Amino acid sequence: MAEKVRVGSVSEIPPGTGRELTAGGRVVALYNVEGQFHALDGVCPHAGGPLGQGELQGKLVTCPWHGWQFDVTTGQYCLNANLTHTSFAITIEGNDVYVEVP
């Protein structure tokens, strides 16, 4: 069963930015794409790079270690349709942002 964890407030993560955080013992990358929040597993599947520290352009994040790119709205890896990175459900309650982690 998923655990709903408060990870911050809407105002702390402006549109066009991402952040690395911990929720339920997991590293999570949280992004704000034009006012919509999305969360991915924060560890890049290629070599363990910090996706939450990557550059966000539109809805694509680039891992700062080796340049792997993911669509943060779906988790889809940009160069291989067979690779989708783990994503987590987001809930907004008032100004609070929650991530649901297993």
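The values are calculated or read from the model by the stated rules, or taken from the named source; none is laboratory data. This structure is a prediction, so every number in the text was calculated from the model and none was measured. Positions of Cβ are backbone-derived with ideal geometry, glycine not excepted, and every protein chain shown enters the neighbour counts.
Quick look at the values:
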{"read-out": "Subset of segment 5-50 that is part of a strand (DSSP E or B) and among the charged types (D, E, K, R) - its residue that is surrounded by the fewest Cβ atoms within 10 Å (Cβ to Cβ)", "value": "Arg6"}
{"read-out": "Residue satisfying all of: in segment 51-102; in contact with a Gly (Cβ under 7 Å, 6 or more places away or on another chain) and surrounded by fewer than 16 Cβ atoms within 10 Å (Cβ to Cβ); farthest from Glu3 (Cα to Cα) among these", "value": "His66"}
{"read-out": "Any chance Val28 is β-branched (Val, Ile, Thr) and more than 11 Å from the chain's Cα centre (by Cα)", "value": "no"}
{"read-out": "Qualifying residue in segment 18-35 (condition: touching a His at 6+ places or on another chain (Cβ under 7 Å), modelled with pLDDT of 95 or more and either closer than 15 Å to Val99 by Cα or among the hydrophobic types (A, V, I, L, M, F, W, C) (or both))", "value": "yes"}
